[in-house]
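Participant: Below are the structure tokens for one structure; questions will follow.
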Amino acid sequence: MDSELAAAARNAWTRLESWCKQHHPRLLGQLNPGASDQEIAAAERSIGQVLPDDVRESLEIHNGTSSLFVFNDALLAAAGIAEEWASWREADGSELFRHRWASEPPDAITLGYANPGWVPLAADRNGNYLGIDLAPDRPERSGR
């Protein structure tokens, strides 16, 4: 495991939890306990990819949220990541509306309806996701 990435995830959670304690303590109650190594490994088997070290560490700290948390999205638990990823794989990949698709930031990902390298980490329950790209068109963008 890349200790710098894992440390960055721990640091981010420490800062976020500290902010919540001071400004919005009820948010802390929405954070699930950490995932086990077995839960994370099961998700990785389901998606056929190893999650980046910072994502693994984050899941070990908090295995998603019980409700909407950040940017009006729920953070997905390890099992939820696998479930949402599988939904994408089963979805119609029609190119019919490709001209209407975009990424944020612009040109950050290869456009398409679904890609097996896209791993959802948060969802708004309306079909919109925040996630990471493990199969970018340019290798230097992996995991963003």
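The values are calculated or read from the model by the stated rules, or taken from the named source; none is laboratory data. Source: prediction; values computed, not measured. A quick note on method: Cβ atoms are made from the backbone with ideal geometry, for glycine too, and the neighbour counts reach across all protein chains shown.
Participant: Among the residues of the stretch 14-35, is any within 18 Å of residue 119 (Cβ to Cβ) and either free of Cβ contacts under 8 Å to residues at least 40 places away in the same chain or touching a Leu at 6+ places or on another chain (Cβ under 7 Å) (or both)?
Facilitator: Checked the stretch 14-35: at least one residue is within 18 Å of residue 119 (Cβ to Cβ) and either free of Cβ contacts under 8 Å to residues at least 40 places away in the same chain or touching a Leu at 6+ places or on another chain (Cβ under 7 Å) (or both).
Participant: So, one more: What pairs come up if the first residue lies in the stretch 59-71 and is over 15 Å from residue 120 (Cα atoms), the second is assigned to a loop (DSSP other than H, G, I, E, B), and their beta carbons are under 7 Å apart, counting only those six or more places apart or on different chains?
Facilitator: 60/34; 60/35; 61/34; 62/32; 62/34; 66/32
Participant: Being within 20 Å of residue 9 (Cβ to Cβ) and either modelled with pLDDT under 65 or polar (S, T, N, Q) (or both): is that true of residue 87 here?
Facilitator: For residue 87, the condition - within 20 Å of residue 9 (Cβ to Cβ) and either modelled with pLDDT under 65 or polar (S, T, N, Q) (or both) - is not met.
Table: residues versus (1) at pLDDT 95 or above; (2) farther than 20 Å from residue 84 by Cβ; (3) within 15 Å of the chain's Cα centre (by Cα).
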position: 24; (1), (2), (3): no, yes, no
position: 27; (1), (2), (3): no, yes, no
position: 49; (1), (2), (3): no, no, yes
position: 58; (1), (2), (3): yes, no, yes
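Participant: Checking residue 44 against (1) farther than 17 Å from residue 119 by Cα; (2) touching a helix residue (DSSP H, G or I) at 6+ places or on another chain (Cβ under 9 Å), only one condition comes out false. Which one?
Facilitator: Result: residue 44 fails condition (1) only.
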